[in-house]
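To keep things clear, I will list the structure first and then write my remarks on it.
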Amino acid sequence: MAKVPRGYQPVAGTERTPLRGARRVGPADPGEKLTVSIRVRRRSDAPPLPEMRAWAANPAAQSRISREQFAARYGASEADLKQVAEFARANGLTVVESSAARRTVRLAGTVEQMNRAFGVELGRYESPDRTAYRGREGPVHLPNELAGIVEGVFGLDNRRMARRMSGGGDPPSLTPRQVAGLYNFPLSVNASGQTIGILEFDGGFDPGDIHGYFNSQGLTTPAVFAVGVDGSSNSPGDDADIEVALDIEVAGAVAQGANIAVFFAPFTEQGWVDIMTTAVLETGLPPDWQAPSVISISWGWAELQSIGDFTWTTAALNAVDETLQDAARLGVTVLAATGDNGSDCEIGDGRAHVNFPASDPFVTACGGTSVRNVNGNSFDEATWNDNGVTGGGISDFFPLPYWQESAGIPGSVNDGHSGRGIPDIAGHADGYSIFLGGDTQDGITGTSETAPLYAGLIALINATLADSIGYLNPILYQLGETDVFRDISDGGSNSDSGAPGYTAGVGWDACTGWGSVNGAELLNAVETLLFSMILPALG
């Protein structure tokens, strides 16, 4: 039982339960060293943030501010950061990093020091598959005077919270650029000046492989820059290299001329919070690079580990969601893969689930299709449910967003509850070749192909507009059932591993969303929409 010091109270939203099926096998090594990230509130004198519904509905009023201005207005106050630092020093912890922009103080110390400072009892846990992690149970505690300042503490528990959304299948017959052509992307546009951000939670890339891929395709190799978060770095040498190579090669093939920033972080809650705040708010990129205007995420983790039991702490979900809202206000589009294990999401409890962060309303969730029978510009397209199954369904955490109110979002197949429906759009997930380890590797499949494909499209659109399209979902749902989308209504299902699923039908569905995107039609629609809304505002 954790010993909570006098004058401490629990931090709301930090409650933890063991990983499903895991058991505590002993205390954590008291001398083990670790870092934690403390998330601090916005400065108390910050002006009101714009109400998102009104803000998103009026592009003419969306005055974008720089990241530096945003940090000065809406970041953490120096007084709050100082108070957290004083708490750290009083408990023998070292301040590794303090960022007002990211509202984060990162502290280092031993397990023994962390137990005492945060009123927890860290232990060693093992799950049935022999996966071991350092964990805790119950909430984190902090002194009363910090209760209104600190919104979350991440890093005490280091269980895995990210899995890549790619796998293997049949050898492909299409390349990303071929699919982009079939989807009528504006491929003649040069995306120079755009930066595509890619989030990774393991692995790395060899620049020689990246050059080898683009050279083999007759394409220009993009500039690629790696940013390490929480001690992670570009570290090729394991299975996750497949994901990293896939993301870079797909996005770069579509958006020729764009720079690609690859952010690496540990696959923990702390990693998620810190990589998101870094990629959105304080990028660490070279000074001559633009900050990302679009971010692609091909990793995720199920919202629930069993019905009624969230895998994520509420504090982590809120921290990532707040950062995604900040991305919208800064004009950054964020896309995420919905997953490759259908409605089961690798939970195996016979119920339907969805993956986070694809389920967040400020993310454009990307499901999977299979492009087949290509003949010139003609092709067939079906729900992707072989060599993997597209993720999709109804969130257990996020309510139905206003822009989905007229889209015919069904209730959950579990209990009929209403919630955020995913995906929003879908695209080919049935296989590409990549270049890895000095050679071509065939049959890499997954919805992790879809997110970077559409990230490339957004970079092309942004380059054309000489501006960033930003928060995409309200726009997509204004354009539902138009020529912007190729509706997938083949009756395919995303039921998997005994979990009930959803069916692809006419209009929006929880397998393929609105369908695949006609890139040129989306560009035309956005230009028309912006012109029609901005012109009246100019009088």
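The values are calculated or read from the model by the stated rules, or taken from the named source; none is laboratory data. Quick caveat, the model's predicted, so the values are computed rather than measured. Virtual Cβ from ideal backbone geometry, glycine too; neighbours counted across all protein chains shown.
At a glance:
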| read-out | value |
| --- | --- |
| Residue in region 397-447 that is nearest to Ser495 (Cα to Cα), counting only those that are of a type in the set (D, E, K, R) and in a strand (DSSP E or B) | Asp442 |
| Qualifying residue in region 354-362 (condition: part of a strand (DSSP E or B) and touching a strand residue (DSSP E or B) at 6+ places or on another chain (Cβ under 9 Å)) | yes |
| Some residue of region 206-224 being farther than 24 Å from Gly391 by Cα, at pLDDT 95 or above and in a strand (DSSP E or B) | yes |
| Residue that is nearest to the chain's Cα centre (by Cα) [pool: residues in region 305-318 that are hydrophobic (A, V, I, L, M, F, W, C) and surrounded by fewer than 20 Cβ atoms within 10 Å (Cβ to Cβ)] | Phe310 |
| Checking Gly470 against (1) outside any strand (DSSP E or B); (2) more than 24 Å from Gln290 (Cβ to Cβ); (3) at pLDDT below 95, the condition it does not meet | (2) |
| Qualifying residue in region 118-129 (condition: surrounded by fewer than 22 Cβ atoms within 10 Å (Cβ to Cβ), within 22 Å of Gly231 (Cβ to Cβ) and touching a residue at least 40 places away in the same chain (Cβ under 8 Å)) | yes |
| Selection count where residues are touching a residue at least 12 places away in the same chain (Cβ under 8 Å) and on the phi < 0 side of the Ramachandran plot, scope region 373-393 | 12 |
| Residue satisfying all of: in region 28-48; touching a helix residue (DSSP H, G or I) at 6+ places or on another chain (Cβ under 7 Å) and in a strand (DSSP E or B); nearest to Ile149 (Cα to Cα) among these | Val40 |
| Candidates Ala258, Ala302, Ala279 - the one that is in contact with a Phe, Trp or Tyr (Cβ under 6 Å, 6 or more places away or on another chain) and surrounded by 24 or more Cβ atoms within 10 Å (Cβ to Cβ) | Ala279 |
| Residues satisfying the stated conditions in region 449-473, i.e. over 20 Å from the mean Cα position of the chain (by Cα) and among the hydroxyl-bearing types (Ser, Thr, Tyr) | Thr464 |
| Scope region 62-88; condition basic (Lys, Arg) and closer than 19 Å to Gly284 by Cα; matching residues | Arg67 |
| Residue match in region 41-51 (condition: in contact with an Asp or Glu (Cβ under 7 Å, 6 or more places away or on another chain) and modelled with pLDDT of 95 or more) | yes |
| Residue ID - farthest from Leu476 (Cα to Cα), chosen from residues in region 388-419 that are in contact with an Asp or Glu (Cβ under 8 Å, 6 or more places away or on another chain) and of a type in the set (Ser, Thr, Tyr) | Ser412 |
| Tally of residues being among the acidic types (Asp, Glu) and either over 16 Å from Glu86 (Cα atoms) or not in a strand (DSSP E or B) (or both) across region 97-123 | 2 |
| Scope region 315-350; condition farther than 15 Å from Gly392 by Cβ and of a type in the set (S, T, N, Q); matching residues | Asn318, Thr323, Gln325, Thr333 |
| Filter pass, Asp415 being over 30 Å from Ala191 (Cα atoms), surrounded by fewer than 24 Cβ atoms within 10 Å (Cβ to Cβ), of a type outside the set (A, V, I, L, M) and out of contact with any strand residue (DSSP E or B) (no Cβ under 9 Å at 6 or more places or on another chain) | yes |
| Residues satisfying the stated conditions in region 363-381, i.e. surrounded by fewer than 20 Cβ atoms within 10 Å (Cβ to Cβ) and touching a strand residue (DSSP E or B) at 6+ places or on another chain (Cβ under 8 Å) | Arg372, Asn373, Phe379, Asp380 |
| Residue in region 305-315 that is aliphatic (A, V, I, L, M) and at pLDDT 95 or above present | yes |
| Residue satisfying all of: in region 345-359; buried (at least 23 other Cβ atoms within 10 Å of the Cβ) and out of contact with any His (no Cβ under 7 Å at 6 or more places or on another chain); farthest from Val273 (Cα to Cα) among these | Ala352 |
| Single unsatisfied condition, Pro59 versus (1) within 27 Å of Trp272 (Cβ to Cβ); (2) at pLDDT below 90; (3) crowded, with 18+ Cβ neighbours inside 10 Å | (1) |
| Close pairs from region 79-99: first charged (D, E, K, R), partner modelled with pLDDT of 95 or more and not in a strand (DSSP E or B), Cβ under 7 Å, at least 6 apart | Asp80/Arg41; Asp80/Ile149 |
| Failed condition for Ser192, given (1) surrounded by 17 or more Cβ atoms within 10 Å (Cβ to Cβ); (2) over 24 Å from Leu281 (Cβ atoms) | (1) |
| Residues satisfying the stated conditions in region 128-149, i.e. in contact with a strand residue (DSSP E or B) (Cβ under 8 Å, 6 or more places away or on another chain) and assigned to a loop (DSSP other than H, G, I, E, B) | Arg136, Glu137, Pro139, Val140, Ala147, Ile149 |
| Enumeration of residues in region 237-253 that are in a helix (DSSP H, G or I) and more than 18 Å from Met165 (Cβ to Cβ) | Gly252, Ala253 |
| Hits in region 321-344 - residues which are surrounded by fewer than 23 Cβ atoms within 10 Å (Cβ to Cβ), assigned to a helix (DSSP H, G or I) and of a type in the set (A, V, I, L, M) | Leu324 |
